[in-house]
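What follows is a short report on a single structure.
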Amino acid sequence: MSTSPLSRSALGHFAARLVSVALGLAIVVVVARQGPQQQGAFSLLVATEAVFVALFSGLGLVIARQVSHHREAAAAWLPGALALAVAGGLAGSAAFAAAAWGLRGDPAYRFLPLLALAAPLLLLTSTVSGLYLGQGRMGPINGLSIAPPALALLLLGGLALGGQGLGLLAVAGVWLAARAVVGVAAALLALRAGGPAPQGRAAWRAQAGFCVVVGLTNLVSWLNYRVDLFVVERFAGLGEAGIYSVAVTAAELLWFVSSSVSAATYARIGAPDAAQAAQLTVRVVHLNLAILLLASPVLVAVAAWLLPALLGPAYGRSVPLLLLLLPGTWAYAAASTLSAFYTNFLGRPQLSAAVAGVSLLINIAVCAWLVPRLGAAGGALATSASYLLAIVWGLVLFRRHAGLRWAEVLRPHPGRLLADLLAPLRRAGR
């Protein structure tokens, strides 16, 4: 198999994600320089929004699977998916409004009224992304990842030039508005393409189980990624949560590499040939782990130099937390590729839920024990341990369903791995 699916598309998506991350980090700098407490509150906003979007992610993945696995026209599914996304957003708006009333006076969650206002439109971008994911079109996906932080920074720049303050609520409002505007624009552009008549209610009822399982799976996954932050805020305080969130953000930069490769091969993993799907999954897992092993020391060195200088001396305490997070973060890079195999090839997203659920339960239990004793360091240790143990379980499930030997799963092919690692450099040299 050519290295092109693992290099050209992945490299383009990775470059786009780097731009998106850089723009997002610029927004984080605006908030973090106001102090760890402000950063803690903003990180809780971003985490809450991500968990909400994850709950309805099955809508986009229905489109992706019908296109990549069954070769159906995506336009037949898009209108219904968008309508359901708006309905889900309205339900989320009501839930956030109720939570805002219940948590009124809590400074950690003062963003909830803004989230309630934006919620009806926050699910559109992920739903439209499913269309392009199934088609293997990384260009539009890249655009949708860059547009929200770019628009947010543009709006923040306009406010600053107009002499307006850029406090936490101003930044939160701009962030949510940018995501809503991009979602509406993406939906309108996707609908303009037209196509066959939309699928009716009967077709969507047949997909309801898949949507629910995918949504719950991704909800568990995102809670797994963020439950430690909420526990740190409850037991160690909002300021500690701000310091910890910076360490988590730095550690998860590694996943932008692995998720770029996984996203670029998502459609191919859904190919009907079982042997091809299994071998490609193993190949991408090995490539992701090798890249992250090389990138981790660089990340630590850059973080140790840049975080205190850019955000302030208080954030130097994020670096030891980053070191504690890295072993689990490195191992869990395999999760996105394994999830693509479970969801897109097998059509069994509940297997992803099993992996994420094991990690979440371990994370909650160990965090609840360690954070009151060790503070944010306890959250980092608990998270790293939960990721390591869960990915072992994920590999057991993958091997069972792929029909491979342990040697095939764990032992990379040296020549092929080296070729995959060098492929981007060879293309750059042409």
Which whole-angstrom value gives the distance between the alpha carbon centres of region 236-287 and region 358-388? 21
Compute the accessible area per residue over region 309-409, keeping the other protein chains in place, probe 1.4 Å, unit Å². 38
Region 293-430, accessible surface, carbon-and-sulfur percent (1.4 angstrom probe): 72
If the chain between ALA208 and ARG373 were fully stretched, how many nm would it gain, using 0.36 nm times the residue separation less the Cα-Cα distance? 55.1 nm
Stokes-Einstein diffusion coefficient of region 132-235, Kirkwood radius over Cα pairs, 20 °C, 1.002 mPa s, in µm²/s: 123
Shape descriptors of the chain over alpha-carbon atoms, Rg and Dmax in angstrom, are 20.9, 64
Under a no-solvent Debye model with one identical scatterer per Cα of region 60-171, what's log10 I(q)/I(0) at q = 0.17, 0.21 Å⁻¹? -0.94, -1.08
Keeping all protein chains in position, work out how much accessible area ASP273 exposes to a 1.4 Å probe, and write it in Å² to the nearest 10. 80
What does the highest-first list of 299-308, 107-116 look like by mean Cβ count within 10 Å? 107-116, 299-308
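Counting only heavy atoms of the protein chains, get the accessible area per residue of region 16-132 (1.4 Å probe) and round it to a whole Å² value.
Computed with neighbouring chains in place, this is 35 Å² per residue.
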Work out the P(r) tail for region 310-421: percent of alpha carbon pairs separated by more than 24 Å, whole number. 39
Taking the Cβ of VAL355 as the centre, find all other residues whose Cβ is under 14 Å away and add up their charges (Lys, Arg: +1; Asp, Glu: -1). +3
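Under the 0.36 nm per residue contour assumption, what length would be gained going from the current alpha-carbon distance of VAL300 and ALA274 to full extension?
Numbers: separation 26, 0.36 × 26 = 9.36 nm, distance 3.88 nm.
Answer, rounded to one decimal: 5.5 nm.
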Taking +1 at the Cβ of each Lys and Arg and -1 at the Cβ of each Asp and Glu, which of LEU338, VAL246, VAL302 sits farthest along the dipole of the chain towards its positive end, judged by Cα position relative to the Cα centre? LEU338
Whole-percent carbon and sulfur contribution to the accessible surface of region 15-138 (1.4 Å, no ligands, DNA or RNA) stands at 69
Most packed first (mean Cβ within 10 Å per residue), the peptides 392-405, 128-141 order as 128-141, 392-405
Using mean Cβ contacts within 10 Å as the protection proxy, how do 363-370, 407-414 order, highest first? 363-370, 407-414
Could you give the length gained on full extension between TRP101 and LEU161, defined as 0.36 nm per residue of separation minus the Cα-Cα distance, in nm? 18.2 nm
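Taking square-rooted eigenvalues a ≥ b ≥ c of the alpha carbon gyration tensor, is region 317-366 rounded, prolate or oblate, where a/c under 1.5 means rounded and, failing that, a/b exceeding b/c means prolate?
Cα axes put region 317-366 in the oblate bin.
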Express in Å², to the nearest 10, the accessible area of PHE235 obtained by rolling a 1.4 Å probe over the protein heavy atoms while all chains stay in place. 120
Charge dipole magnitude, Cβ of K and R +1, D and E -1 - the chain, Cα centre, debye nearest 20: 820
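The values are calculated or read from the model by the stated rules, or taken from the named source; none is laboratory data. Please read these numbers as outputs of a predicted model, since none were measured by experiment. Cβ: placed from backbone, ideal geometry, glycine included. Neighbour counts: every protein chain shown. With ligands, DNA and RNA removed, areas are computed over all heavy atoms of the protein, side chains included. Shrake-Rupley method; radii C 1.70, N 1.55, O 1.52, S 1.80 Å.
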